[in-house]
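The values are calculated or read from the model by the stated rules, or taken from the named source; none is laboratory data. Please read all numbers here as calculations on a predicted model, not as lab measurements. Please note: Cβ atoms are built from the backbone with ideal geometry, for glycine as well, and neighbour counts cover all protein chains shown.
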Amino acid sequence: MSRLLATVAAAAVVVSSFVINTSVALGHERRAVGPYTFVVGWISEPAYVSAANGLSLDVTETSSSTPVEGLAKTLQAEVIVGGGAKKLSLDLATDEETPGHYAGSFIPTKTGDYIFHIFGTAGSTKVDERFESGPNTFDGVISTDPLQFPDRIVANSDLVARLDSLQTLVVAAIVIGAVALLASLATEDRKRFHLGVEADLIHERLGGVGRACFRVVERHVGERHVAQRDATVDFRADDLGLVHLVGFRALRANPANEPLSQDEVEGRGDVEGLDAHVHETRHGLGGGIRV
């Protein structure tokens, strides 16, 4: 009987140890690193966005499953998001109640996959390992939306994303407005330039028209002067003929008590008109005649 109880007790210890080891490995990645076994995952699983969590690391000797202590001074850890775009160094802390267990706390603020990079030394073994969340390792960070009740609270990451989108739209609107304003100013400048050129052309054309009109007027005035000159010459020729006619008749006038005899110096050289009184006779044929 006692042997039976001892066998049952031993089996219980084996099963319990198996369950304990399985629970540690549940949702974690187990990997051999030299003579050691590293078990990496989240402190709390599942890992929710904007909830306190962090790196959970357990190190044991592979051959004996003995916890390895004192690695907080020789190992370093960092969490990586976005393929290396963002990194955060973690301070590894020990757990006195669980030898060989180390934790690096932080609050994940974005859903998706995370990478834990552990590097340094463990004893005489150089360590440089990357543990990435995935289907065969440990889960990534998930949203708390399914758990929220009765009202859904917008996550900080969603607010940031919305603000980033809004900021992008505002910047784009400002840029488009600035481009439109510059285009409008450029159009106005082109219009003013074209109007200035057209005004110069019109002024030049009007100037040409004015000069042409001046030449036409000048030509017309010249023609009128020529016509007047010709008319004056014709008039003087006719007048000269008339003077000769009057002079010829004056030669036959009676010299005594006649109007033509008042100017004794010029005598009959001035003719005023037919049967008319002569007012001035000193200039001869060049004097004025009034009929």
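Scanning region 117-126 finds no residues that are in contact with a Gly (Cβ under 7 Å, 6 or more places away or on another chain) and either under 17 Å from Y48 (Cα atoms) or not assigned by TED's automatic domain parsing to the domain that holds I43 (or both). Right, A122: in contact (Cβ under 8 Å) with a residue 12 or more places away in the chain, in contact with an Asp or Glu (Cβ under 8 Å, 6 or more places away or on another chain), under 14 Å from A72 (Cα atoms) and of a type outside the set (S, T, Y) or not? Here the answer is no, as A122 does not meet what is asked.
For region 51-68, a residue qualifies if it is crowded, with 18+ Cβ neighbours inside 10 Å and charged (D, E, K, R), and exactly one does: D58. Yes or no: G134 surrounded by 10 or more Cβ atoms within 10 Å (Cβ to Cβ), over 34 Å from the mean Cα position of the chain (by Cα) and closer than 19 Å to V79 by Cβ? Criteria met by G134.
Looking only at residues in region 102-131 that are part of a loop (DSSP other than H, G, I, E, B) and among the hydroxyl-bearing types (S, T, Y), the one that is surrounded by the fewest Cβ atoms within 10 Å (Cβ to Cβ) is S124. In this structure, V81 qualifies as assigned by TED's automatic domain parsing to the domain that holds N136, over 20 Å from R31 (Cβ atoms) and surrounded by 14 or more Cβ atoms within 10 Å (Cβ to Cβ).
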